[in-house]
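*Asks:* Sharing a structure with you now.
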Amino acid sequence: MKKRLVMLLAGLLTVLSMGFGLAQFSDVPAGHWAKEAVEALAAKGILVGFPDGTYRGNETLTRYQAALIIYRLLQQIEEELKAKGESPTMQAMSSEDIEALKNAVQELAAELAALGVRVSALEDSAATKEDIARLEAMIQELKAQPAPEPGMDAAALQDLADRVEAASIAADTALAQAQQLAEQLDALAQDVEGVKGDLAALQTQVEANAQAIQALNELAVLLNQDVLSLQDRVTALEKGLADLQGIDFEQFASKEDVAAVQEFAAALRSDLVGLSEKVSRLESQVAELSRVQYSITGSLTATYGMKTLAGNNFDIDRLFSTPFSTGVFGATQVASPVILPDVASANLSGGSATLNFTVKNTAPKAQGVDFSEASASLGVAAFGGAFAVIPSIRLDAASVKGTVDGQAFSVAYSRSASRFKFNDYLFVNDNDPAGRETRQGMVAEADLTKFPLSPKVTVVAGVSDAADNGGTGGNLRGNYFGIRVATKPFAGLDLALSYAGNGGAIPPRSALGLDGSLKFGDFSVKGLFVTSKTPTGTYLQGFFDPTVADWAYYVQLSGKLGPVSLAANYRAIDPQYEDGVAGMSGSHLDYYSGVQGYQSPAPYPHDQRGLGASLEAPLGPVKLEGYGDSYVNYNGAPPFSTNLGAAATVGLPMAFSLKVAYDASYTGASYFDLVTQTSSTVTGTLSHDGAAGNALVKNLNLTLQGTYDTIGSVFGLATYGTYKLGLGPLSLDTILFRYADPDTGTPGNETLKGGLQASVDLGSLPFKPKLLGEVAARQTGGAGGTEELKWGVGLSLGEFLFPGSSLEARYAEYRASNVTSVSVGVADHAFNPASNRLYSDPGPNSGSLAGFNVTWKYYDLQANYGEYLTSAGDHARTFRITYTVKF
C-alpha cells in the first residue's frame, strides 16, 4: 500500500544513485543502514532535506514528496544521458525497468481505488519486517541488472513522469476527500446512535404522550431513509473507485475525471449537511419533550375484618406485634383511621384507593416564574362500615417546586401530617411519630437570594384537630397561621423574625419570636426570644409586657481555647411553656416529653430561670469534663438549686474505657449559693464497646457501674450488657443480663433481669422453615416483690404449599406481679439492658395476658387471625383479610 510504495521507490532511487558524492544530515546517525543511500541522494540533489538540516527519516512520505523525488530522478537521468550525447528512448530501457515503473504506477492506482474504505484500513497496510526484507532482496536484484542503454526518448520519459506526478496529486486529493468523508460518517454514526439513545429514554419517560411518540417515529423513518440514501451513494462511490482497478495504467485519469469525482463528493457533502440539519431538528424536539418527565403510581386496597371483645379493653402489644396491636384494645393507644376505619364498632371492613403522580421539568427557565416539580397524592375511601352514595375523595398531599428568577420556592399541602418548626419554643410541629399527626394545612418556602439580606420566607397555614394530637394542654387547636423570615445580614450572622397565631386554642394565642446566631472564629453565640399572649391588653404593648405575655428566652455561648471547649448559657422559660402550650407546639409529647422537661430535646424545662457553664479538655488519653448549673423558678423566688460536677474519662486497651464522675447538688438564697448540700455522689463506670475494632470480645457490650452517696453513705452497684452470637443456622440475636442494687447495705432492692432472643433458619429444608423464640424476665425485691415474665415462640414458613406463599404463627404470654398495670399499653423495655423493668414500674397489680396470631401472605394478599385472653376473663378475637394492588 502507501508506505510499501514509498519504500519501493526509495529503494529504486537508492540503487540508481550509487557512486555520487555524499552529503551530511544532523539526524542520520553514523552506522545507520540507510546512511550511505540518503547522503548519496542528497549529494545528487534528489533529496534536499529540511531547512533545519534534518532528514526526518522516520516521518511518513507524502505523495507530493514522492512525485517531486521521482521528477528529480527523471531529470537527473535525462541530464546524464544528454551529457554522454545519448538520446533517451523508451526502447533503450530494459523490459524489467519498464515493468518496475509500471508496478510503481499500479501501486498508486491501487491506493486510489482503496480510498472508499476507512482510514484504519490504511494503517493496517503499514510495512512490516517481512516487507523490508523483500525490498532489500529487490534492491539486490536491481543492482545486478545492466545499466540502461542509450537511446531513450525524452518526450516519452517526460510523459511518464507527468503521469506519475498527476497520479500522485489525484491520489492525495482523493485520499483527503475520503478521509473527510470518513470523519463525517463517523460523526454522523455517533449522532445517530445518540439520537437512538435519546429515543429509547424518551419512549420510557413519555409513554402517555402518544402523539409526540408518533411524531418522533415518523421523523425516525425519515432519518432512516436519509441514512439508506447516504449508504447507496457511498456504495456507488466505492463501486466507482473499485472500477479504477481495471484502468489501462498507460492512460491515467484525466482532470475531467478528477473534477467529476470532486463534484460527486460535493453533492455528497450537501446531502450530509441536509441530513445533519434534520438530525438537529429531531434532537431539538427530543430535548423539548425530555424537559417534562412523568411518574404515576398508586394502589387499591380492600379489607374485610371483624373484632369481638368480651370484657375490658387490654393491650396485646405486650405479646407481639400484629396488625391489630396498636389502637385496638389499649385504652391509651391512638387509633389509625387508615388501618381501622371504624374502631368504635366491631367492623374492620374498608376499602381505599390511592394515586400518586409526579411531573418534573428538567430544564427550568432562569428568568420569570417556572416550575421544576409538581406531585400529588389522591385517596378514596371506597367503602367502610356505613353505606355512602358518594364515596369521599380526598387529596392526601400535594407539592409544587420551582424558581422565581432563579430563586427557589416550594409549596406543600398535607391532609393530616403538615410539619413545620419556627424555633425551639415556637411552632414545634415537626416531631410527631407517624400516624399521630393531626395538622391539615400548607407550608410555603422561598429563598429570595436576590433580595437585600437574602431572606428565606416560610409561611404556614391550616387547621389542627381538636383532639390535640392525642395529648393534653390545648397547645394547638383549630385554625393557625405563621410567618417566619430568616436573613443573613453578613457572613456568620443569622437572624430570623417569626409571627404565629392559633385562633382555635382555648384561649386563642399569638406570639412573636426572634432567634439568631453569630459565629466569630472558634466562638459562637446563639439566642432566642419568644413572647406569647392571649388576647388581652393593648396588642403590641402586651407582647413586651412580662406581666401580660409569657416569655421564653436564652443566650448560649460556645467556643474553644486551644484544646479546651467551653459553653455557657442563661435562660428564662415561663411556666406557660409547659408541654409547649404557650409556643403552640403540637409535638409536645415527643419534644417536651410531657412534664419531664430535662429528658426532652427541648433545651430547657418550663418555669425555670438560671445560668450554667461547662468545659471539656482532652489531656492525651484522658478527657476532663466539668459543669456548673444554678437555677430558680421563673419568678425568681428562692431557694436556688445548684448542680456541680466533674468527670474524667480514660480510654483503655481492648475497647475498654473508665469514667469517674462527681456530682453534687446544693440549695441557697442566690445563684451558686452552696449553703446546703442536698446530694453528693461519686460514680465509676467501666465499659466495653463490642462494636469497636479492637474489642476484647466482639459484639459484647458491657457496663459495670458503682455509685456512692457520700451524704447517706449508700453504695449502689449495677452491671449489665448484651451479646450476640451466630452458630450456623442458630442465631442468638440478643443475650441480655442485668443486675442492679441501688443500696447494697439494705436488702430487698436488688433487680435481676435476663433475656434471650434467638432464631433457627432452616432455609435449606422444604418450606424454608424458621423458628423464633424469646424470653425476658425480671425480679425486683426478691420473693413477694415485683416480677415480670414474657416469653413467646414462632414458626415461619417461607414457601407454604406453593411459591410466593408464606405463613407465620406466634404464641406468647406475659405475666406480672405487683406492677402498676398489666393490660395498659406502655413503653417496651423488655430487651433494654439499662432499664430494670420490662413494661411496668412496681405497683399493686398482678395478672397475665396470652394469645396467638396466624398471618398468611401471598404477595400483596394478607390474612390475619388471632385469639387473646387475660387472667381476668377478658377475651378478644380478630380476623382481617386485605388485598392490595400496586401499580
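*Asks:* Could you tell me what percent of the accessible area of segment 785-833 is made up of carbon and sulfur, with a 1.4 Å probe and every protein chain present?
*Replies:* Working: 1350 of 2170 Å².
Using a 1.4 Å probe with all protein chains present, segment 785-833 comes out at 62 percent carbon and sulfur.
*Asks:* Next question, about the same structure. Taking all protein chains as present, what is the carbon and sulfur share of the accessible area of segment 405-457, in % to the nearest whole number, probe 1.4 Å?
*Replies:* 55 percent
*Asks:* Compute log10 of I(q)/I(0) for segment 602-701 with the Debye formula, placing one identical point scatterer on every Cα and leaving out solvent, at q = 0.10, 0.11, 0.20 Å⁻¹, to two decimals.
*Replies:* -0.42, -0.49, -0.97
*Asks:* Can you give the accessible area per residue of segment 696-851, in Å², using a 1.4 Å probe?
*Replies:* Working: 7680 Å² over 156 residues.
About 49 Å² of surface per residue is accessible.
*Asks:* With a probe of 1.4 Å, find how much accessible area segment 610-661 has per residue, and write the answer as a whole number in Å². Display every interim value, and only then the final one.
*Replies:* Numbers: 2580 Å² over 52 residues.
On a per-residue basis, 50 Å².
*Asks:* In debye to the nearest 20, how big a dipole does segment 608-737 give about its Cα centre with +1 on each Lys and Arg Cβ and -1 on each Asp and Glu Cβ?
*Replies:* Values: 5 positive and 8 negative charges, 54 e Å.
It comes to approximately 260 debye.
*Asks:* Right, next: If the viscosity is 0.692 mPa s and the temperature 37 °C, what translational diffusion coefficient in µm²/s does Stokes-Einstein give for segment 496-552 when Rh comes from Kirkwood over Cα pairs?
*Replies:* Numbers: Rh = 12.6 Å.
Translational diffusion coefficient: 262 µm²/s.
*Asks:* Could you run the Debye sum over the Cα atoms of segment 648-794, one equal point scatterer each and no solvent, and tell me log10 of I(q)/I(0) at q = 0.11, 0.17 Å⁻¹, two decimals?
*Replies:* Once normalised to I(0) and log-transformed, intensities are -0.64, -1.07.
*Asks:* For segment 508-548, which chymotrypsin sites (Phe, Trp or Tyr not before Pro) pass both filters: DSSP loop (anything but H, G, I, E, B) and at most 16 other C-beta atoms within 10 Å? Write down the numbers at each step before the final one.
*Replies:* Working: sites: 520, 523, 529, 539, 543, 544; in loops: 544.
When the chymotrypsin sites (Phe, Trp or Tyr not before Pro) of segment 508-548 are filtered for loop state and at most 16 Cβ neighbours within 10 Å, 544 remain.
*Asks:* Round to a whole number: what % of the accessible area of segment 589-721 belongs to carbon and sulfur, probe 1.4 Å? Each step should come with its number before you reach the end.
*Replies:* On the way: 4180 of 6720 Å².
Reported share for carbon and sulfur atoms: 62 percent.
*Asks:* Looking at segment 24-69, which GluC sites (Glu not before Pro) are DSSP coil and have at most 15 other C-beta atoms within 10 Å of their C-beta?
*Replies:* Values: sites: 36, 39, 59; in loops: 59.
The qualifying sites are 59.
*Asks:* Take the cross-link list 526/560; 401/526; 560/698 and give me the ones stretching past 26 Å between alpha-carbons. Can you show the working numbers first?
*Replies:* Numbers: 526/560 15 Å; 401/526 31 Å; 560/698 36 Å.
Among 526/560; 401/526; 560/698, the Cα-Cα distance tops 26 Å for 401/526; 560/698.
*Asks:* Also, quick follow-up: Kindly provide the chymotrypsin sites (Phe, Trp or Tyr not before Pro) of segment 818-862 that DSSP labels as loop, not H, G, I, E or B, and whose Cβ sees at most 14 other Cβ atoms within 10 Å. Display every interim value, and only then the final one.
*Replies:* On the way: sites: 831, 839, 852, 856, 858, 859; in loops: 831, 839, 859.
Here the chymotrypsin sites (Phe, Trp or Tyr not before Pro) that fit, given the DSSP loop and packing criteria, are 859.
*Asks:* May I pose another question? Once the Cα gyration tensor of segment 765-887 is found, what semi-axes does its equivalent ellipsoid get, as square roots of 5 times the eigenvalues, in whole Å, sorted largest first?
*Replies:* Each semi-axis is √(5λ); the values are 34, 17, 13 Å.
*Asks:* Give, as a single signed number, the net charge of other residues whose beta carbon lies under 12 Å from the beta carbon of residue 543, with Lys and Arg counted +1 and Asp and Glu -1.
*Replies:* On the way: positive: 509, 533; negative: 545, 550.
Neighbour charge sum, excluding residue 543 itself: 0.
The values are calculated or read from the model by the stated rules, or taken from the named source; none is laboratory data. Quantities reported herein were computed from a predicted structural model and do not represent experimental measurements. Positions of Cβ are backbone-derived with ideal geometry, glycine not excepted, and every protein chain shown enters the neighbour counts. Surface areas here come from the heavy atoms of the whole protein model, side chains and all, with no ligands, DNA or RNA. Shrake-Rupley method; radii C 1.70, N 1.55, O 1.52, S 1.80 Å.
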